[in-house]
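The values are calculated or read from the model by the stated rules, or taken from the named source; none is laboratory data. This is a predicted model, so every value here is computed, not measured. Using ideal geometry, Cβ is built from the backbone for each residue, glycine included, and neighbour counts are taken over all protein chains shown.
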């Protein structure tokens, strides 16, 4: 039956972000012009956000397999085996555009959305993390955005009762007009009780549960697929509004129902709401779906078919139930005071048929909606080679302690306490290590096993050399997990880039994905889920590229994990992965260069994947053997910053032997990769083990009772003094 | 009576999120699993201790604890308290207790207008006879986590004078090794926890159930809960 009324034209399609070719394809597949509702559905499904049309070709190159993988990309979230018959289920997702327009709600619904992705799979969420990028720190707009985003993340996570255990944040002017808000959720499920989204069984009831549908977030996925301009303010109505209380009820109701034998398939209504959930469920099942839109619980009257299908109201789910399970399910949702409404059924037609006011409002074949979604091989080039910064050209002979103090007040190194203390990091009482460590550690409830989790990316490296930067994000996450004693298992990624229609941006994407894929393959950490966020530009200024890695690993016994604070005076401090003679550390693209150097983009530190794997494995093994009692990966700010952080964490000091040179800044602040600082009571055994494994190791000093850092003879600074600058930087920036 | 004979009931509202954590904590100390009681229940089985856990009951909509205070189960909790039964309210539970008048005062937004999750130092105060403080070493300092947005204890000065005079202040925020100002929320006279005039009801902002072992980074929560449970047994 052909839907009547409101015949659309190419002009309407353009307004929804579709190209001439895409419009032609739609009319060809339908054999007629679509109506408003149908065009809206095509435009949402073919948006960059839902279709990955610019990135798909390159995402296919990422490694996705491994013996640990239970569910790879394509479902609501990825799943890996963590032993004991359990699976860790996790994903990261961006909410960049909404958060810039309306920071509190944008960030809050980002958290709510990623949590739904995880509990939709049957997992109880146990941890939240995030990756944030803001513009210049000393800027009123940035203050407004940081304040709103942080309280929005906390507002949702704290209320729903899932701990926010880690994250990362950087500040750079390229994010002035386009911040990044990526939220990651991790859950745990029984491996044999994972729920998927493919619809099954023609005739089975399709059930709508959760909150009512309103006029918020309409066509949000399409907004998220366009560049920003000065007119962005007018898009505020496309931002969704979160309700973490309803989210909590929905989570409990879904998990309670999933424990019974009632649910055949389930999909959350995220981007593109009822459209993507119904289309994806039908498409994956190779079936059709018929929905009576008059039955959809609505918050307001007179909502059109277009509005009902494109609304991104939060806290909603679509389920296919076993035919005889409807009353069981209804009782569960009644208990939690949530809407529960059979709105249609699975069909054999392969078509999405929508009824409204007794008429057919939409009748389109699902195959073309999904399979014919465009896939582009957008033009790209090669990133120009960058000059290498010679350390001698930038270093001075000022004392390490003074430079260190200055570095620790750099906004990209300073304490994040002002941010993470606004997150409940402890609810569920299984957080063994929360924010501020190398990786977060969350105990698997009721056992000694732990999940180690970290989010990482160094955008300045990616900008300088996307391939190296893409690999470095994986390597740093791998080090972070290893530094607490955990074995990395798999990753989720969030690819944040500018407009892919520009060859230089597409180049960043292609090269970063290549580097990320190489590293993930070599380190046996396949990509099991992810998200792509493109068009992160305002008035044609692109962001620093930011392909974020969220990595999950496992440790058998949380009691064997270590932290990154010194343990006892008299312990030895060693560097793993660095020889005695390393004086010219790598300062190109370092925080030191940012802080003291020019604005030239230099070559970032190279990545040696074999060294990453060997050194991380060694650290992990020695932690588990009890031979290392504290470990910290060396990253932003280099060796001296890593040592300072270990000291500040513990209140204990350190006496460090410096190489024999008057120009030590490369040694102290260079960002050469694949290195760790560790402390131990067993220095001889550790050195012998490293030599046996062919790993460079250098004893550089001792942990001391005095609360001060000593670099060689006569260069001393108190821990209290560096804590002062480290802790006051962000609070004072936020105070304005 | 032994600890394992102690009957503990934990009230669960929609939006409670520390109910499981408290259940695990009590079971760790008593080897007996507490009962979880859904808020729609109209009656309460005999209990030696009723705990109202932390969380965001009813989303903290209207006012923290206001809607929970009017849930069906609260009549039974009020009856239990009127009979001299012991009640402990943690964080959102403290807010519910002030909303129902079971302990004096109110809890308003943190002075810095931000959610605060961190460790705080607590001084154990000298109080009137109460199972929640009688076994604690007076003036001992504890370190416990807080996690709240509305923990700023407020009462009129004469009311505060009376509370102090009667020995109803159980805990005060105090200096500790934790980073940050000792009083995390602007609470009047640094009050972190109060007890009722008969000593049988305690409301407190800090979360003892999150400090149950070295793996949590501290076990002062286990100390406080165990001493309370032991006092209730004896």
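Of all the listed residues (A:223, A:269), the sole one being away from chain B (no Cβ under 14 Å), under 25 Å from residue A:17 (Cβ atoms), modelled with pLDDT under 95 and out of contact with any strand residue (DSSP E or B) (no Cβ under 9 Å at 6 or more places or on another chain) is A:223.
I'd like to check something: does segment A:314-331 contain any residue that is within 14 Å of chain B (Cβ to nearest Cβ), surrounded by fewer than 20 Cβ atoms within 10 Å (Cβ to Cβ) and over 30 Å from the mean Cα position of the chain (by Cα)?
Initial filter on segment A:314-331 (within 14 Å of chain B (Cβ to nearest Cβ)): A:314-315, A:331.
Keeping just the survivors that are surrounded by fewer than 20 Cβ atoms within 10 Å (Cβ to Cβ) gives A:331.
Retained after the next criterion (residues that are over 30 Å from the mean Cα position of the chain (by Cα)): A:331.
So far as segment A:314-331 goes, yes, one or more of its residues are within 14 Å of chain B (Cβ to nearest Cβ), surrounded by fewer than 20 Cβ atoms within 10 Å (Cβ to Cβ) and over 30 Å from the mean Cα position of the chain (by Cα).
Among the residues making up segment A:596-652, a single one is without any contact (Cβ under 8 Å) to a residue 60 or more places away in the chain, in contact with a helix residue (DSSP H, G or I) (Cβ under 6 Å, 6 or more places away or on another chain) and not in a helix (DSSP H, G or I): A:634. Can you tell me which residue is surrounded by the fewest Cβ atoms within 10 Å (Cβ to Cβ) among those in segment A:407-432 that are outside any loop (DSSP other than H, G, I, E, B) and more than 9 Å from chain B (Cβ to nearest Cβ)? The extreme case among them is A:419. From the list A:487, A:458, A:507, the one residue that fits, being over 30 Å from residue B:146 (Cα atoms), in contact with a strand residue (DSSP E or B) (Cβ under 7 Å, 6 or more places away or on another chain) and away from chain B (no Cβ under 14 Å), is A:487. Within segment B:180-214, the set of residues being surrounded by fewer than 19 Cβ atoms within 10 Å (Cβ to Cβ) and within 14 Å of chain A (Cβ to nearest Cβ) comprises B:180, B:181, B:213, B:214.
Looking for something buried (at least 24 other Cβ atoms within 10 Å of the Cβ), touching a residue at least 60 places away in the same chain (Cβ under 8 Å) and touching a strand residue (DSSP E or B) at 6+ places or on another chain (Cβ under 6 Å) - is there at least one such residue anywhere in segment A:135-145? No, segment A:135-145 contains no residue that is buried (at least 24 other Cβ atoms within 10 Å of the Cβ), touching a residue at least 60 places away in the same chain (Cβ under 8 Å) and touching a strand residue (DSSP E or B) at 6+ places or on another chain (Cβ under 6 Å). In this structure, residue B:112 does satisfy being over 17 Å from the mean Cα position of the chain (by Cα), within 24 Å of residue A:151 (Cα to Cα) and either in a loop (DSSP other than H, G, I, E, B) or within 14 Å of chain A (Cβ to nearest Cβ) (or both). Within segment B:29-45, the set of residues being more than 10 Å from every other protein chain (Cβ to nearest Cβ) and outside any strand (DSSP E or B) comprises B:29, B:30, B:31, B:32, B:33, B:34, B:39, B:41, B:42, B:43, B:44, B:45.
When segment A:131-155 is filtered for residues that are out of contact with any helix residue (DSSP H, G or I) (no Cβ under 8 Å at 6 or more places or on another chain) and within 14 Å of chain B (Cβ to nearest Cβ), only A:154 remains. Is it fair to say residue A:439 is within 14 Å of chain B (Cβ to nearest Cβ), within 24 Å of the chain's Cα centre (by Cα) and buried (at least 21 other Cβ atoms within 10 Å of the Cβ)? Considered against the rule, which asks whether it is within 14 Å of chain B (Cβ to nearest Cβ), within 24 Å of the chain's Cα centre (by Cα) and buried (at least 21 other Cβ atoms within 10 Å of the Cβ), residue A:439 comes out as no. Restricting attention to segment A:385-406, the residues that are out of contact with any helix residue (DSSP H, G or I) (no Cβ under 6 Å at 6 or more places or on another chain), buried (at least 19 other Cβ atoms within 10 Å of the Cβ) and closer than 12 Å to residue A:640 by Cα add up to 2.
One line per residue, one yes/no per condition, for (1) closer than 29 Å to residue A:376 by Cα; (2) in contact with a helix residue (DSSP H, G or I) (Cβ under 9 Å, 6 or more places away or on another chain); (3) outside any helix (DSSP H, G or I); (4) modelled with pLDDT under 95:
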position	(1), (2), (3), (4)
A:58	yes, yes, no, no
A:61	yes, yes, yes, no
A:65	yes, no, yes, no
A:81	no, no, yes, no
A:87	no, no, yes, no
A:91	yes, yes, yes, no
A:98	yes, yes, no, yes
A:104	no, yes, no, no
A:110	yes, yes, no, no
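If the condition is being modelled with pLDDT under 95 and at positive phi, then segment B:153-181 contributes only B:180. Kindly indicate whether any position in segment B:65-88 is within 14 Å of chain A (Cβ to nearest Cβ), at pLDDT below 95, assigned to a helix (DSSP H, G or I) and crowded, with 16+ Cβ neighbours inside 10 Å. Yes, some residue in segment B:65-88 is within 14 Å of chain A (Cβ to nearest Cβ), at pLDDT below 95, assigned to a helix (DSSP H, G or I) and crowded, with 16+ Cβ neighbours inside 10 Å. Annotation note: Cβ proximity below 6 Å between a residue of segment A:277-306 that is within 15 Å of residue A:207 (Cβ to Cβ) and a residue that is in a helix (DSSP H, G or I) (sequence gap 6+ or interchain) occurs for A:282/A:366; A:289/A:278; A:289/A:282; A:293/A:305; A:293/A:308; A:296/A:308. The set of residues from segment B:46-59 being part of a loop (DSSP other than H, G, I, E, B) and under 18 Å from residue A:428 (Cβ atoms) comprises B:53, B:54, B:56.
For the structure I just gave you, tell me whether residue A:70 is assigned to a strand (DSSP E or B), in contact with a strand residue (DSSP E or B) (Cβ under 8 Å, 6 or more places away or on another chain) and either in contact (Cβ under 8 Å) with a residue 40 or more places away in the chain or farther than 25 Å from residue A:533 by Cα (or both). It is true that residue A:70 is assigned to a strand (DSSP E or B), in contact with a strand residue (DSSP E or B) (Cβ under 8 Å, 6 or more places away or on another chain) and either in contact (Cβ under 8 Å) with a residue 40 or more places away in the chain or farther than 25 Å from residue A:533 by Cα (or both). The set of residues from segment B:116-146 being in contact with a helix residue (DSSP H, G or I) (Cβ under 7 Å, 6 or more places away or on another chain), within 14 Å of chain A (Cβ to nearest Cβ) and buried (at least 23 other Cβ atoms within 10 Å of the Cβ) comprises B:144, B:145. Of all residues in segment B:4-22, those satisfying the criterion of being within 10 Å of chain A (Cβ to nearest Cβ), without any contact (Cβ under 8 Å) to a residue 40 or more places away in the chain and part of a helix (DSSP H, G or I) are B:19, B:20. When segment A:700-732 is limited to residues that are under 30 Å from residue A:468 (Cα atoms) and touching a helix residue (DSSP H, G or I) at 6+ places or on another chain (Cβ under 6 Å), the one that is nearest to the other protein chains (Cβ to nearest Cβ) turns out to be A:726.
Here is a yes/no grid of residues against (1) assigned to a loop (DSSP other than H, G, I, E, B); (2) buried (at least 22 other Cβ atoms within 10 Å of the Cβ):
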{"residue": "A:662", "(1), (2)": "yes, no"}
{"residue": "A:667", "(1), (2)": "no, yes"}
{"residue": "A:671", "(1), (2)": "yes, yes"}
{"residue": "A:690", "(1), (2)": "no, no"}
{"residue": "A:702", "(1), (2)": "no, no"}
{"residue": "A:725", "(1), (2)": "no, no"}
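Using the structure shown, decide if residue A:158 is outside any strand (DSSP E or B), out of contact with any helix residue (DSSP H, G or I) (no Cβ under 6 Å at 6 or more places or on another chain) and either farther than 26 Å from residue A:545 by Cβ or away from chain B (no Cβ under 14 Å) (or both). When the stated conditions are applied, residue A:158 passes them.
Has segment B:162-179 got any residue that is within 26 Å of residue A:728 (Cβ to Cβ), buried (at least 21 other Cβ atoms within 10 Å of the Cβ), more than 14 Å from chain A (Cβ to nearest Cβ) and in contact with a helix residue (DSSP H, G or I) (Cβ under 8 Å, 6 or more places away or on another chain)? Within segment B:162-179, one or more residues are within 26 Å of residue A:728 (Cβ to Cβ), buried (at least 21 other Cβ atoms within 10 Å of the Cβ), more than 14 Å from chain A (Cβ to nearest Cβ) and in contact with a helix residue (DSSP H, G or I) (Cβ under 8 Å, 6 or more places away or on another chain).
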